[in-house]
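One structure is given below, encoded as structure tokens.
The values are calculated or read from the model by the stated rules, or taken from the named source; none is laboratory data. None of these values were measured; they are calculated from a predicted model. Don't worry about glycine lacking a Cβ; one is built from the backbone with ideal geometry, like all the others, and counts go over all protein chains shown.
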Amino acid sequence: MENKSHAFLAGLFTIGLVAAVILTLLWFNRDNTERVPYDLISRTNVNGLNPEAAVRYRGLDVGKVQSIHFDPANPGQIVIRILVNKDAPMTHSTFANLGFQGVTGIAYVQLDDTGRDKAPLVSTPAHVARLYMRPSFLDELQQRGTTLLNQVQQLSTSLNRLFSRANRDEMMSMVAGIKSAADNLSDLTGKLAPAARQLPQTLDTLDRTLASTNRLATELSDPHGPLTRNLNSIGQAASQATASLAALQQTTIELSGTLEQESLPRFNVLSDQARTTMQSLGAAADTVSRNPRSLLFGVTPPTPGPGESGFAWPSTVPQN
């Protein structure tokens, strides 16, 4: 009996020691952080979010989820009670959404701030402040899924219309035209190669021409240059020619006056005498042509007419 009593006491002591160790560990591992409650109002799904899930402010752990339940005042609305460290910068512009950890799909609450209103958001267990949750990336993707599918369908229809047989034929024709243009460009490049090789020589010739032009321009602008001297000589010759023409004009005027006053009257008398002589010669020629004998025997005087001396009426011839 004595051995059994010692064994019982030893077992009881062992159990008490283990319980003491466990209580000690629980005492040292208990969470003594002072936290403030906040209610998150969600109108979307909270898949993967469980009590005791982490609450993070821009990636830093600041608390945990205490409970998740429906809002009795608004059916379909979910209230998520979270406990946030007292030193977390909760303001009136703070908002929450769901985040997901890697491939596990475990959700957590992600807090962030827009910075529009930096006034602290006061919350107490008696008057718990409320924050509205924004849709997560998956929620937005789910909400916009129908729109995205419609857009994808429209894109597919547009692609099918774009790559229809007629359009493919037109694109092939366009590609063939581009290839032909490239071939023509290659031929043109080959033809321009000789001209390109001669381009340096042409540029040298052009440089020499420009240099000659510059020299010519310099000589033209030089007041003592050969061109200026030649122009001066031409001007002097022109002046001399003008003077000579003026003298010639004066001589012509004087000669014209002399002819009008002296030579022309004499020429007029000579002209009248020549006209009279020509008339006499004409009359003699007419007489010779009518009576050639007059050239040898002289001109027979004309028969006197009625009233003139020596006129006689012809005798009357008797009629049988």
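Among the numbered conditions (1) more than 20 Å from residue 51 (Cα to Cα); (2) at pLDDT below 90; (3) assigned to a strand (DSSP E or B), the only one that residue 107 does not meet is (1). Residue 82 meets each of the listed conditions (1) surrounded by 12 or more Cβ atoms within 10 Å (Cβ to Cβ); (2) farther than 19 Å from residue 34 by Cα; (3) more than 58 Å from the chain's Cα centre (by Cα) apart from (2).
Flag not set for residue 180, criterion: within 20 Å of residue 45 (Cβ to Cβ), surrounded by 10 or more Cβ atoms within 10 Å (Cβ to Cβ) and under 50 Å from the mean Cα position of the chain (by Cα).
Within region 25-77, being hydroxyl-bearing (Ser, Thr, Tyr) and modelled with pLDDT of 85 or more holds for 38, 42, 57, 67.
Cβ separations smaller than 8 Å between residues 6+ apart or across chains give no pair from region 241-253 residues that are of a type outside the set (A, V, I, L, M) and part of a helix (DSSP H, G or I) to residues that are surrounded by fewer than 10 Cβ atoms within 10 Å (Cβ to Cβ) and modelled with pLDDT of 75 or more. Assess whether residue 129 counts as being at pLDDT 90 or above, surrounded by 11 or more Cβ atoms within 10 Å (Cβ to Cβ) and among the small types (Gly, Ala, Ser). Here the answer is yes, as residue 129 does meet what is asked. Based on this model, can you work out whether residue 139 counts as modelled with pLDDT under 85 and either among the hydroxyl-bearing types (Ser, Thr, Tyr) or under 25 Å from residue 79 (Cβ atoms) (or both)? In short, yes. Of the residues making up region 110-139, those that are within 20 Å of residue 67 (Cβ to Cβ), in contact with a Phe, Trp or Tyr (Cβ under 6 Å, 6 or more places away or on another chain) and in a loop (DSSP other than H, G, I, E, B) number 1. Confirm whether residue 45 is in a loop (DSSP other than H, G, I, E, B), surrounded by 13 or more Cβ atoms within 10 Å (Cβ to Cβ) and not small (Gly, Ala, Ser). So residue 45 passes the test. A single entry from 43, 56, 81 fulfils the requirement of being closer than 16 Å to residue 125 by Cα and basic (Lys, Arg): 81.
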